[in-house]
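Worksheet for the structure shown next.
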Amino acid sequence: MWTARRLVRPIRALEQAALAIAAGDLNQQVPTESADELGALAAAFNHMAAQLRQTLEQQRQFVANASHELRTPLTNIKLRSELLLESGLDDPELAGRYLAEIDSEADRLGRLASTLLDLSRLESSQAVQHQPLTPIDVRPVLSAVVATMTLRARSAGLTLQVQLSPSLPPLRVWPEQIEAILLNLLDNAIKYTPAGGQIYLSAAAMPDRCQLRVADTGSGIPQADLPHIFDRFYRVDKARSRRSGQHGVGLGLSIVQALVLQNGGQISVTSAVGQGTTFTLEFPASAPLTADAANARCVSQA
Ligand code: ADP
């Protein structure tokens, strides 16, 4: 009887805690003192409860941030429409200005809504591995990105330097998603680099993978912010990005990260304030590289 009770007690505690969690009390912890399988099960249970708390907190934060970001353009629209209704129509010039501002705020609202929708679609499809079956050559994708961004960089007073290895391994990736990833990273590089700076894009063949890099000589990101920059709605300097009219809402890098994972890759970042930032992406090669390809020299294209 005594042994049976001793065995059953921790199982009962687990059962009670599981029921309490199901009823909404997430602060449940069970004792983990025994060093046997039941102790391990209790530790795993506590870990699961902690993860659940963290996920819910992230979701709560996301909803709060999304509501805040959606409310800002809505408030701007409301303010202007009220002014128009009160007296704006008497002054055609003022009315024209308010209408143009309402139009641009409505566009911003639309962009934000579709970005949020993209992100939630991406995150829900991540549970299922979603890579294409047929590997592709990414060089045409890279060339298209270079063609789009060279002019953009030049008009911001920056030079875009490109280094593409002549032979890259075929990758099982979606070309339009790789394009979106690179456009986003290059767009940030241009946004956060003062005129006169340099932007770099490189692609190199590694023994079992392809490495893409986007680097800049821009403002850099403080070390304390680096772990958070892929978080949804995270901006290093909210006040500055609003003042400068760049209207970043801090979703770009969350989308980039979700897209990289969706394509079976990994992304990392290094940065030094005042010196610049480098984003490194790695995608597994879908077939082993030949010795020639692995040793291929990088050639400068721009
Ligand atoms: P945003 O829309 O604000 O640019 P992102 O998710 O793309 O949002 O980036 C998050 C934050 O990371 C930015 O607000 C910016 O502070 C910082 N950041 C991203 N890329 C760079 C870069 N190349 N150089 C400096 N800071 C960057």
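The values are calculated or read from the model by the stated rules, or taken from the named source; none is laboratory data. None of these values were measured; they are calculated from a predicted model. Counting neighbours? That spans all protein chains shown, and the Cβs are built from the backbone with ideal geometry, glycine included. The protein model used for the area step is the full one, side chains on, heavy atoms only, and it has no ligands, DNA or RNA in it. Shrake-Rupley method; radii C 1.70, N 1.55, O 1.52, S 1.80 Å.
Tell me which residues, restricted to region 163-179, are open to solvent by 50 Å² or more (accessible area, probe 1.4 Å) and in contact (Cβ under 8 Å) with a residue 24 or more places away in the chain.
Residues of region 163-179 open to solvent by 50 Å² or more (accessible area, probe 1.4 Å): 163, 166, 170, 172, 174, 176, 179.
Passing the criteria: Gln163, Pro166, Pro170, Arg172, Trp174, Glu179.
Restricting attention to region 225-268 and to residues that are more than 12 Å from the ligand (Cβ to nearest atom) and open to solvent by 50 Å² or more (accessible area, probe 1.4 Å), the residue that is modelled with the lowest pLDDT turns out to be Arg243. Residues in region 180-221 that are near the ligand (Cβ under 8 Å from one of its atoms) and either free of Cβ contacts under 8 Å to residues at least 60 places away in the same chain or farther than 19 Å from Gly250 by Cα (or both): Lys191, Gly218, Ser219, Gly220, Ile221.
Applying the condition of being more than 30 Å from Ala113 (Cβ to Cβ) and open to solvent by 70 Å² or more (accessible area, probe 1.4 Å) to region 37-80 and asking which residue is farthest from the chain's Cα centre (by Cα) yields Glu37. Restricted to strands (runs of 3 or more DSSP E) entirely inside region 141-241, those with at least 2 residues that are closer than 24 Å to Ala258 by Cβ are 198-206, 209-216. Checked against (1) within 14 Å of Leu212 (Cα to Cα); (2) open to solvent by less than 40 Å² (accessible area, probe 1.4 Å), Leu158 meets all criteria but (1). When the residues of region 269-289 are filtered to those that are surrounded by 14 or more Cβ atoms within 10 Å (Cβ to Cβ) and more than 15 Å from the ligand (Cβ to nearest atom), the one that is farthest from Gln177 (Cα to Cα) is Leu289.
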